[in-house]
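The values are calculated or read from the model by the stated rules, or taken from the named source; none is laboratory data. A quick note: this is a predicted structure, and the numbers were derived from the prediction, not measured. Positions of Cβ are backbone-derived with ideal geometry, glycine not excepted, and every protein chain shown enters the neighbour counts. Side chains are part of the model used for accessible areas, which takes the heavy atoms of the whole protein and leaves out ligands, DNA and RNA. Shrake-Rupley method; radii C 1.70, N 1.55, O 1.52, S 1.80 Å.
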There are 2 protein chains.
Amino acid sequence: MAAGRPPTMRDVAAHAGVSVSTVSRVVNAERYVDAATREKVEASVAALGFLRNESARTLRPGQRTATVALVVEDLTNPFSAELAHGVELVAAAAGYVVLLLSTGRDAAGERDEVREQEIVAELLRRRVDGVLVVPGADDAAGRYAALAERAPVVFVDRLPRGVRGDVVLLDNAGGSRRLTGWLVDRGHRRIAYVGGDRRSGPGAKRYSGFRAALKAVGVPEHRELLRFGRRSSEEARTATGELLALPDPPTAVFCDNNRMTVGALLAVHRAGADVVVAGFDHVELAEVLVDRVALVTYDPVDVGRRAAGLLVERLAGADVAPRKITVPVELAEFGNR
Amino acid sequence: MAAGRPPTMRDVAAHAGVSVSTVSRVVNAERYVDAATREKVEASVAALGFLRNESARTLRPGQRTATVALVVEDLTNPFSAELAHGVELVAAAAGYVVLLLSTGRDAAGERDEVREQEIVAELLRRRVDGVLVVPGADDAAGRYAALAERAPVVFVDRLPRGVRGDVVLLDNAGGSRRLTGWLVDRGHRRIAYVGGDRRSGPGAKRYSGFRAALKAVGVPEHRELLRFGRRSSEEARTATGELLALPDPPTAVFCDNNRMTVGALLAVHRAGADVVVAGFDHVELAEVLVDRVALVTYDPVDVGRRAAGLLVERLAGADVAPRKITVPVELAEFGNR
DNA sequence: CTGAAAGCGCTTACAG
DNA sequence: CTGAAAGCGCTTACAG
């Protein structure tokens with residue numbers, strides 16, 4: 001398991017009978033190396049199983065670590081996982097390796113700011129070339145500003161206030177508007193809303209799209225049908241159950257994200273209620289659960305690919321103003337009825 | 001964005017009026033530093049925003065990179081994603097950072113051995129302290145042997161032939177046996193099998209558990225009811241559809257993994273067939289789709305935690321024979337009937 | 001085309 | 001308790 005120290009360029013040089021500089025040139029595929037010399041060195045590299053120590057290379061000023069970091073809250077979320085996959089694809093193709101860090105939540109479900117600070121310091125210590133962040137909140141400015149000063153940062157899904165950086169967002173407001181419009185077009189007037197945080201980030205945009213769509217056609221928003229701050233599918237199920245039990249229940253439920261949709265689907269299915277479920281994010285098997293479902297979907301892998309693309313461009317020297325990409329979303333309709 | 005070179009220990013030393021050695025001692029929290037000196041240095045560290053260059057530290061022989069790598073085939077798979085989360089939790093707690101690499105598959109769905117070789121080389125170049133691998137095949141020996149010689153490797157989900165290393169497996173055979181037994185106990189005699197590769201890895205164990213359970217109670221295996229080599233839920237759905245259309249259809253379908261289960265659930269649901277679905281892996285909402293379902297479940301996050309735990313122990317110096325952990329699985333039963 | 005030498009930012013014996 | 005010096009494994013001007 002511990003097989004001595006790995007061979008160094010010095011070992012290769014000795015083996016090939018050349019200088020260390022020459023080995024370096026060969027390893028770096030530089031020009032101006034005699035073909036015969038090159039072959040000799042390559043033979044020694046192979047014979048010794050030499051692999052250049054990247055830490056040593058990196059030490060020289062101007063040298064890159066060829067490392068990018070991806071900071072997410074929780075990889076358990078399918079959005080983050082697929083995003084990470086897209087990031088890895090593009091990063092690897094461009095010669096970067098991905099460092100994965102999750103910020104997590106503390107026991108109370110609150111953001112762990114100490115951990116976030118520590119992550120930022122760690123990335124700085126490791127001199128990563130660039131960072132992709134899916135921020136947990138809009139107020140992360142202070143935390144990521146120090147990072148953004150030293151390395152390009154691309155934000156995904158939300159842009160913290162006051163930080164400079166490229167950003168990749170979903171068309172949250174537009175998607176919500178279309179989804180709500182779809183319900184209204186089908187005659188729904190009492191539409192419930194089950195969601196998480198309505199104050200910031202994607203949740204805020206989704207709620208604003210919902211309101212805008214209702215307002216545009218003069219359909220009233222019923223305050224008693226709005227449920228915010230739900231964090232899990234269980235909480236969404238309970239909330240939806242309560243809504244269905246109302247004297248004048250909704251005819252449709254708008255769900256803010258996939259956990260909300262899962263909860264709502266369960267509640268509607270169990271109640272055997274004649275209610276349409278409309279949700280943001282893809283939910284597997286949704287269509288067979290409830291008579292009629294509409295979902296706003298998009299490809300998280302693509303979000304990751306685009307975000308990594310922006311970062312790679314920055315690292316390649318694109319010296320332009322911060323850019324913003326809005327990934328389009330699609331409305332998919334399912335149902336037996 | 002590019003704010004000059006970051007401060008070095010030399011800058012801190014000058015600022016604090018001490019030597020570089022002293023700065024190093026303070027930064028490394030060594031003893032034998034005068035309290036006043038320490039404070040002075042800490043003040044300078046803070047003033048300059050010094051963060052020790054980890055590449056430079058690493059260069060010294062015997063110094064660790066505090067980096068572990070996780071190699072998976074595809075993070076899109078929820079198993080890998082949750083596993084990665086478990087790994088990250090334990091690694092971070094132990095002071096390691098996680099490098100994420102996916103091997104992927106080529107266009108034809110075949111393993112990309114060149115990419116795997118390149119990943120191994122990359123990890124060696126970066127001098128990672130240890131590696132967690134979810135191998136794509138049993139014959140990966142040659143590929144990971146070079147790695148295992150230089151750094152501890154923990155294999156997850158399958159152990160390639162001929163490689164030394166710790167391994168964390170699921171109780172595949174046991175889970176399959178119980179699941180099959182559950183079906184037999186309920187009177188099923190014509191049980192279909194829909195699965196992927198039956199030759200190696202988890203698939204082989206699951207199939208052998210299935211056979212063993214049938215054999216134990218003298219229930220015959222019906223060759224016309226076995227479908228292997230299915231790779232997606234679509235392929236599983238088609239296969240299940242065919243099985244249901246047989247003149248003498250099965251009364252239950254055993255599914256090898258979650259994609260198979262999703263496909264089978266859809267097929268049974270659409271056909272309105274009175275068939276029980278039994279599957280390995282958790283499937284969200286499975287219970288509301290089909291009248292009766294049994295699933296073998298486990299916690300992939302826990303698998304990741306345990307694998308990372310083994311690795312961290314190795315890195316802490318545990319010099320013991322290769323260890324094997326088998327993560328238990330649970331049988332969960334759902335249904336309206 | 002090739003080599004000797006300096007230097008990247010740290011850590012670590014070795015003195016004191 | 002503190003500092004001067006050597007050295008980790010590379011890269012890169014500078015000569016030749």
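Quick look at the numbers
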{"item": "Exam field: residue B:222 pseudo-label spacings to other copies (7 Å along Cα-Cβ), nanometres", "result": "5.0"}
{"item": "Centroid-to-centroid separation of the stretch A:1-80 and the stretch B:288-337 [C-alpha atoms, Å]", "result": "38"}
{"item": "Pairwise label distance in nanometres, residue B:138 with residue A:149, each label 7 Å out on the Cα-Cβ vector", "result": "5.7"}
{"item": "Residue among A:58, A:297, A:37 with the largest mean-square fluctuation in a Gaussian network model of chain A, springs linking Cα atoms under 10 Å", "result": "A:37"}
{"item": "Förster-model FRET efficiency, 22 Å R0, residue B:318 and residue B:118, C-beta, rounded to 0.05", "result": "0.15"}
{"item": "Between B and A, accessible area buried - total, square angstrom, nearest 100, 1.4 angstrom probe", "result": "5200"}
{"item": "Peptide A:120-133 - average C-beta neighbours from other chains (10 Å radius)", "result": "3"}
{"item": "Angle between chain B longest axis and helix B:141-150 axis [Cα atoms, degrees, rounded to 10]", "result": "30"}
{"item": "Using alpha-carbon coordinates, inclination of helix A:113-125 to the longest axis of chain A, degrees", "result": "30"}
{"item": "Cα gyration tensor shape of the protein assembly as shown, rounded if a/c is under 1.5, else prolate or oblate by comparing a/b with b/c", "result": "oblate"}
{"item": "Sites residue B:325 and residue B:208, calculated FRET efficiency, Cβ-Cβ separation with R0 22 Å, nearest 0.05", "result": "0.65"}
{"item": "Residue B:193 long-range amide H proximity, modeled H, under 5 Å", "result": "B:226, B:227, B:254"}
{"item": "C-alpha center-to-center spacing [the stretch B:167-245, the stretch A:197-253] in angstrom", "result": "43"}
{"item": "Residue B:168 long-range amide H proximity, modeled H, under 5 Å", "result": "B:155, B:156, B:157, B:325"}
{"item": "Added length on full extension, which subtracts the Cα-Cα distance from 0.36 nm per residue, residue A:216 to residue A:270", "result": "16.1 nm"}
{"item": "Cα pair distances in the stretch A:9-52, grouped into 10 Å bins until the bin that holds the longest one, percent each", "result": "35, 61, 4"}
{"item": "For A:8-17, mean number of other protein chain Cβ atoms within 10 Å", "result": "0"}
{"item": "Amide H within-cut-off set for residue B:276, under 5 Å, with H built and near neighbours excluded", "result": "B:252, B:253"}
{"item": "GNM flexibility winner over chain B from B:281, B:157, B:74 (Cα, springs under 10 Å)", "result": "B:74"}
{"item": "At 7 Å out from Cα toward Cβ: residue B:34 inter-copy label distances (nm, ascending)", "result": "5.8"}
{"item": "Förster radius 22 Å - calculated FRET efficiency between residue A:332 and residue A:224 (Cβ-Cβ, nearest 0.05)", "result": "0.15"}
{"item": "Per-residue average of Cβ from other chains inside 10 Å of A:145-152", "result": "3"}
{"item": "Cβ-vector label at 7 Å, residue B:242, separations to other copies in nm", "result": "5.1"}
{"item": "Under Karplus coefficients 6.51, -1.76 and 1.60, residue-wise ³J(HN,Hα) of the stretch A:252-267 in Hz, glycine/proline x", "result": "8, 10, 9, 10, 5, 7, 5, 5, 4, 5, 4, x, 5, 4, 4, 4"}
{"item": "Residue of A:294, A:35, A:137 that the Gaussian network model of chain A assigns the largest fluctuation, springs spanning Cα pairs under 10 Å", "result": "A:35"}
{"item": "Cα-based helix-to-principal-axis angle, B:300-315 vs chain B, degrees rounded to 10", "result": "40"}
